[in-house]
Structure formats: structure tokens, C-alpha cells
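See below for the structure under consideration.
The values are calculated or read from the model by the stated rules, or taken from the named source; none is laboratory data. Source: prediction; values computed, not measured. Cβ sites come from the backbone with ideal geometry, for glycine too, and all protein chains shown count toward neighbours. Areas reflect the complete protein model, heavy atoms only, side chains present, ligands, DNA and RNA absent. Shrake-Rupley method; radii C 1.70, N 1.55, O 1.52, S 1.80 Å.
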Amino acid sequence: MTVYDLFSVQRNTNKLKSLYLELESLENFNPYKKNIISDMPKGSRGSKGKDFSEWYVEEKDRIEQEIELCKQRIQQDREMIDEFIGEAPYPECDIIQFRVINDLGWYEIGETLHMDRRTASRRFYDYVQSKNLPAMPVADVV
């Protein structure tokens, strides 16, 4: 497990939120344009373009499949992180849960556990370093 893997629940939760927003915008999409008085011809797609209902069904199915896949990933990542949290001693396990799963900032974690935000951050990173977890992978620049 890496530090990058620790925060996979947050990434997948954010992806799930964006997929739900995408699905909502798809459901609210109105394919019919207002009539605009113009001398320009409207043109047609001919046989090349897809029918709107066909496109709508395909997009909705694609988004719903991605949502299910993302939910499965969240469950798998959550099980992995729960094992990691179970091994941690008392304050560190709460700090890890608040930071990694609940996505709280250091200030909120410090307030919840009645400690300074820097102390919470230091305890988190000290514990991660004591477990010899590799740092986050560096993205390849293309």
C-alpha cells in the first residue's frame, strides 16, 4: 500500500460525485433548440448522425456502468483502508479515518480530537513513515 492508495477512497468518491452530476445534466438536457429567425439554412445530419434517443440511452448506460464500477472500487478500497486503520494505535487510527475516509482538513481533525492541526498532521505522517509506505507516485509528463 502507498500513500496514494490511502487516498483512493477520496478520489473514487469525488469521481462518483462527478458521475452523478454528469448523469443529472444528461437527464436535464433538452435536445430541442429554440426557433431562431435566421436566413441561414438549418442543415441536417443525414444518415451519419445518431438519433437522439439512441445517443441518450448509450450515454445513460455508460454513465450508470461507470457509477457501479466506481462503487465497487470504493468498497474494495474501503476494506483495504479499514485493515490499515485497524492496525494503527489510538489517536492515529482516528486521524487516518478522519483524513482519508471522511476527507476532513487538518484544522477540523485537530478540533475533533482536541489537538493542534500541526500535531494531527505530524502524527499522521509520522505513522505513515513508520510503516514505510512509499510516497505518492509521480505522474509521467507527456
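Key figures
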quantity	calculated
Residue under evaluation LYS71, criteria (1) modelled with pLDDT under 90; (2) under 16 Å from the mean Cα position of the chain (by Cα), criterion not met	(1)
ASN132 being at pLDDT below 90 and at positive phi	yes
Condition check for ASP103: in contact with a helix residue (DSSP H, G or I) (Cβ under 6 Å, 6 or more places away or on another chain), open to solvent by 60 Å² or more (accessible area, probe 1.4 Å) and at pLDDT 90 or above	no
Given (1) open to solvent by less than 60 Å² (accessible area, probe 1.4 Å); (2) in a helix (DSSP H, G or I); (3) modelled with pLDDT of 85 or more, number of the condition GLU58 does not satisfy	(1)
